[in-house]
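To keep things clear, I will list the structure first and then write my remarks on it.
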Amino acid sequence: MVRFFRRKKGAEEAPEAAEADAPEAVEAPEADAPEAVEAPAAEEVPKSVEQAVERTRRTWFSRIGGMFRRGLDDELWAELEETLIAADTGVETTVKLLENLKERVKEEGIRDPEQAQEALREELLSILDVDSRLGRLWGPASADPSAELSERSIGVRNADRTGATTGLRIGGAAQDGGAEFPKPAVVLVVGVNGTGKTTSIGKLAHAYQQEGRKVLLAAADTFRAAAIDQLKQWGERAGVDVIAHKQGGDPAAVVFDSLSAAESRDVDVLIIDTAGRLHTKVNLMEEMRKVNRIIQRKVPDGPHEVLLVLDATSGQNALHQAKYFTEALGVTGILLAKLDGTAKGGVVFAICDQLRIPVRFVGTGEKAGDLANFEPKQFVDALFA
């Protein structure tokens with residue numbers, strides 16, 4: 001599940017040249033994007049997390065039961081280490097995991113293979129148990145599947161209350177004793193080019209729209225015309241407005257105009273797309289800080305979430321990218337895109353272990369509804385199913 005939290009720091013600088021670029025009014029965007037965004041089917045059935053991790057389970061984790069049945073010996077530990085690393089769990093995380101597991105087996109006198117495998121599942125689950133009290137929108141009640149949430153399942157049947165969810169929960173009761181949903185709720189979305197960032201923004205906008213919230217998108221990735229056009233198409237598809245300037249414009253000006261529009265249009269959620277040129281890391285991070293300052297000028301407690309989109313198919317590279325953005329921007333949550341397209345879903349454990357940032361959502365397919373809450377227990381259970 002997922003929820004919203006608070007952000008730190010007060011306002012800093014006034015926007016430098018917010019008037020420099022006049023925004024394009026994008027109420028009804030023109031469809032000349034480079035990537036065709038297919039029209040939604042009359043009834044889309046989103047893919048489940050279980051379906052998304054099928055390749056990882058089949059390729060790597062399905063072997064683990066057989067390993068344990070052969071006995072608890074040095075050969076098991078070596079084979080288990082090799083399998084976890086191959087699934088992109090990462091060397092550091094794998095070594096720590098197996099050290100904890102071997103110590104537990106020894107201390108508890110575990111000899112039964114099934115009991116030892118259950119201990120492994122519990123250790124994996126503990127890695128995913130990170131502090132979810134970051135941000136202001138997606139919070140810790142998500143750790144309790146039985147918690148009463150103000151929620152609506154998007155495009156699929158209702159979530160069951162056993163820990164396996166079939167719908168997306170994105171709003172409602174916030175943290176701190178049910179604090180009200182901030183308005184506008186500002187979500188800053190970051191990530192390198194090619195991770196599926198713009199598509200993920202479209203899915204999130206679709207989900208909020210389906211929940212009945214008024215959404216506005218900001219096309220602050222002004223360096224690529226393709227990014228602006230693609231966001232316009234997603235806006236048209238989700239039925240939400242997009243604020244955009246011309247290619248090469250000042251991203252900070254786009255953000256300033258978007259915040260003004262969100263206020264005047266009584267918008268519930270403003271989702272801001274940003275540039276992702278990691279090879280110009282220093283300039284990119286400085287630009288992101290400038291955008292952050294402008295948000296805080298207009299919304300002192302914003303952004304309410306800084307959502308980092310990572311490409312699950314990039315494995316350990318995703319972890320390196322996450323480190324850059326986390327150090328610079330204070331990321332509050334991660335959306336792991338393209339989980340259905342990889343056999344290396346073990347990277348989730350490396351991200352949670354080394355960054356201690358919660359994974360909030362996972363992309364489970366290409367359709368607008370293919371976005372799911374990340375549930376640690378559901379994820380681990382699916383790997384061992």
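Bear in mind that the values in this text are calculations on the coordinates, not laboratory data. Please read these numbers as outputs of a predicted model, since none were measured by experiment. When we count neighbours, we look across all protein chains shown, and the Cβ atoms used for this are built from the backbone with ideal geometry, even at glycine.
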Quiz item: Loop-only check: which chymotrypsin sites (Phe, Trp or Tyr not before Pro) in the range 57-132 are DSSP coil with at most 15 other Cβ within 10 angstrom?
Solution: none
Quiz item: If the label point is 7 Å along Cα→Cβ of R63, which residues in the range 103-133 have backbone nitrogen under 15 Å from it?
Solution: none
Self-check item: Spacing of the two label points (7 Å from each Cα toward its C-beta) at E327 and N193, in nm
Solution: 2.3 nm
Quiz item: Any idea how far apart K102 and Q247 come out in nm if each label point goes 7 Å out from Cα toward Cβ?
Solution: 5.5 nm
Quiz prompt | Candidate lysines for bridging to K183, where Cα separation is under 29 Å - those fewer than 8 sequence places away on the same chain excluded | solution = K8, K9, K197, K203, K214, K232, K246, K290, K298, K367
Quiz prompt | Spherically averaged projected area of the range 223-332 from its Cα convex hull (nm²) | solution = 7.5 nm²
Quiz item: How large is ³J(HN,Hα) for each residue in the range 334-350, as worked out from phi by the Karplus curve 6.51 cos²θ - 1.76 cosθ + 1.60 (θ = phi - 60°), to whole Hz, x for Gly and Pro?
Solution: 10, 10, 9, 7, 6, 4, 6, x, 9, 9, 10, x, x, 4, 4, 5, 5
Practice problem: Report ³J(HN,Hα) in whole Hz for each residue of the range 81-86, in order, from the Karplus equation J = 6.51 cos²θ - 1.76 cosθ + 1.60 where θ = phi - 60°; Gly and Pro get x. | Solution: 4, 4, 5, 5, 5, 5
Quiz item: Taking N as the number of residues in the range 239-304, what is its alpha-carbon radius of gyration divided by 2.2 N^0.38 Å?
Solution: 1.14
